[in-house]
Structure formats: structure tokens, C-alpha cells
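These notes are about the structure you will find just below.
The values are calculated or read from the model by the stated rules, or taken from the named source; none is laboratory data. Keep in mind it's a predicted model, so treat the numbers as computed, not measured. Here the Cβ positions follow ideal geometry from the backbone for every residue, glycine too, while neighbour counts run over all protein chains shown.
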Amino acid sequence: MSDDYEVKRTIWDGKIPVEFALDPSEFSYRSTQSHFMMVPRVSYFTLVLMKALKHFESSIDELNDSDEIKDAWLEFNGIPLRMHYPIGVLFDVHSKDGVLPWVVTVRFKNFPDTLVRCTTIDTMRHYFLQTVKEADQLKHKGAIMSAMSAQEHAQLFDSIRRDDFNDFWQVNKKLNENTDPKVIHIPIRFYYADLPFRQVLISTEPNPESETAADLSSAFKKVFPNLSIDEYNLISHGIHVPTDSPVLWLSSNFAYPDNFVHVVVRPKNDD
Amino acid sequence: MPVEAAAAAPPISPTPAPAVAATKKKINVLVKPAGGDTPILKFKNFSVDEDRTIAWLLLFLRQALELKSEESLYVFINQAFAPNPDHTIGNLHTCFAGSPDAKLVVHYGRTNAWG
């Protein structure tokens, strides 16, 4: 399956302007203080939030000598954001109108019970690498990840932190291997309405009826047998993905660094 | 909960109710200790709704094992990876149980054995 440098590079370089704002209920007399950043879609809020917090720490006296900053969490339109999901996925899931900059509220109090705690680099590294391992279980029964050195695992994660495309792909190209061993299943997660993401076994085998390559529409049908694909837009990295895109091509070129293709399913009449 | 609210809502077109949640399956889970100093549970098998999460499973096992809050607990699939806390048991069963009738095998341990 074709290896598309331009697509990979464009996806890696995708950025979202984010305005980190304070919650007026927590800082009533400085609610206008914001911090603006361009953040990579393929990165994580856990990794970029540190910089925003430094800004707030230096300008807000109450946050000095306070442990609260360690428990910071993010909210958009009253919905807590899962910091262990890629930023681009969160934006595509939550920002239905796509208004920029994306205004995200930084909260320091009342950490929600429902939210996974992912406020340190170590926790983020753990969730990221476990997700890559899960993807490799689907693709190669875990053969590639288990053969890699700890240094290579570290390079996958650290290259996201450093925004280093070449370092990332130096290791990640092994996870895209499709000759020895061949890819068995495609790691895809579908996000629909407020439901937890859906993930099923998506084979690379051609469709039995048409003998055409397994594509995004056949994957959608397998995940949502009761939904008609004509009524939905499938969005990843902020664009409408053509439904006849072969899943193997998507996996090689369109996956996030965690090796999953993340697809947001949105009714067409919402757009 | 959004899942139940959506399932209870009458199916008004053109936006179909989230059909995904309409048929809630039970998943049979088989839990096994991951070796080392892992405490042993009094049970091995149980069944849960497919939309339960790994976070829920961890809490359930922590209570069964009577762990203190500072003691860590990990669960593993395929003896290979620790699923993220908001992964559902239904997803993991579909992808890693091997067949629709098979149990989802989950190893648990106090250390990140397959880190």
C-alpha cells in the first residue's frame, strides 16, 4: 500500500490555535486573562498545558506556592476534556462549529470524578504507549512493539513532545510494516454523539461481494449496522474523509501517532 | 447517563437514536492473576454490561481485593497491554476475545507486568 509522505507530513504539521482562558467562577476579577498557543493536533494537552500553566503561574499570585496547578483540567462548553486523547480528536469531537481560536477553559478546582487523571508526563507516556501496543496487537499481534527496544518506545513518545517528525517516523515506520508480518486488522476508533468510542475488528481483506479493497464505508457499516452512511460526515484531522478511502491506506498515512485512525461521526444536518 | 437517555428517547427522524446502545449485551469476563505477589480473587468469572469501562473494572477489582487507595492495580488484555481507563468491555471483547462466544480474559496485577 502506498506510503504518502506529503499526507503524513501535513497531518503531523496540523495545528489548532487555542485560547486557554480562566474560569470566571474561580478567578472572578481576572477573567479576561488568556494565553494563546498554536498546538499540534497530534499532540496532547498534558504535554502543552505546562506552558500555559507557567504563564498563569507567573501572572496570578494565588497560583504561586499552590498545589492546585498540578490538578489543572480543561473544559469546553461545560464538558471536561479527556487529556489522554489527541488534541485533534478532542477538537473534532467537541467543536462542532469549528470556531477559532478554540477557547478552552483551564480549571483548577473540583476535578471531575468522570475524568481520567492524566496530568503528568509519566501518566501520558503510559497511556500513549499502551495505546500503541493495543494498535500493534490488532495490526501484527503485537510482534513489532514486543521486538522494539525501550529506547525506541521512548523515542515514539519523546518525538511528539519535541514535535520531531523525522525521529517519530524513524521508529513508527516499523509499526506500519505490511510484508513481514502483514497487517491483520486496522486500528480505528469511531466517535459518535456522546457515546464511548466504538472499536471493532476491521479486516484488511477485500469486501467479499465486490472484491474491492476494504474501505471506510465498509468499516462504518460493521461498527454501525443500523446507521446509513449517507446521512453522516466522517471527520478526521478536521477534514471530511472520503468514504471509499481504503482502510489500509488510512492506517499507514492517516493514523494519529498512537497508531489509531480516529474518526468522528457527525450527522450531515449538524454541519 | 447519556446512553440510557438516548435509548429511552423515541426515535424521531431524521436523527436516528443511537442504535449502538439499544441492545445492551452482557459480556462474560474471566479474570486471572498476573503472577508475582498478585493477591487471588475469590471468583474467576463474572458478567458485565458491554458499556462498562476499564475504570469501572479497576474499581470493582480493587474493592474485591480490598486494596488500599495507595496500592496500584493494573489490568491487561492478551497479556500484552493495559487498556485505557475509558475503553469499554464491549470494545475489548469484540477485538480481543477471539470469538463472539468466548470470554474476555483479563489479567490483573499490582505491577505493570507487560509495561
Practice task
Go through the residues of segment A:145-161 one by one and say whether even a single one is assigned to a loop (DSSP other than H, G, I, E, B), at pLDDT 95 or above, more than 22 Å from A:Pro86 (Cβ to Cβ) and assigned by TED's automatic domain parsing to the domain that holds A:Thr243.
Solution key: yes
Handout entry: A:Ser210 vs. criteria surrounded by fewer than 22 Cβ atoms within 10 Å (Cβ to Cβ), among the hydroxyl-bearing types (Ser, Thr, Tyr) and either in contact with a strand residue (DSSP E or B) (Cβ under 7 Å, 6 or more places away or on another chain) or assigned to a helix (DSSP H, G or I) (or both)
Key = no
Exercise for the section: Among the residues of segment B:28-81, write down those that are assigned to a strand (DSSP E or B) and among the hydrophobic types (A, V, I, L, M, F, W, C). Expected result: B:Val29, B:Leu30, B:Val31, B:Phe46, B:Val48, B:Val75, B:Phe76, B:Ile77, B:Phe81
Handout entry: Candidate set: segment A:213-254, residues that are assigned to a loop (DSSP other than H, G, I, E, B), in contact with a helix residue (DSSP H, G or I) (Cβ under 8 Å, 6 or more places away or on another chain) and of a type in the set (Gly, Ala, Ser); chosen: the one farthest from A:Thr131 (Cα to Cα)
Key = A:Ala213
Practice task
Tell me which residues, restricted to segment A:115-144, are within 24 Å of A:Ile16 (Cβ to Cβ), without any contact (Cβ under 8 Å) to a residue 40 or more places away in the chain and either in the same structural domain as A:Pro17 (by TED's automatic domain parsing) or part of a loop (DSSP other than H, G, I, E, B) (or both).
Solution key: A:Val116, A:Arg117
Handout entry: Failed criterion for A:Glu152 (all others in (1) within 30 Å of A:Gln33 (Cα to Cα); (2) in contact with a helix residue (DSSP H, G or I) (Cβ under 7 Å, 6 or more places away or on another chain); (3) among the acidic types (Asp, Glu) hold)
Key = (1)
Exercise for the section: Could you please find all residues in segment B:47-79 being surrounded by fewer than 16 Cβ atoms within 10 Å (Cβ to Cβ) and more than 14 Å from every other protein chain (Cβ to nearest Cβ)? Expected result: B:Ser47, B:Phe60, B:Gln63, B:Ala64, B:Glu66, B:Leu67, B:Lys68, B:Glu70, B:Glu71
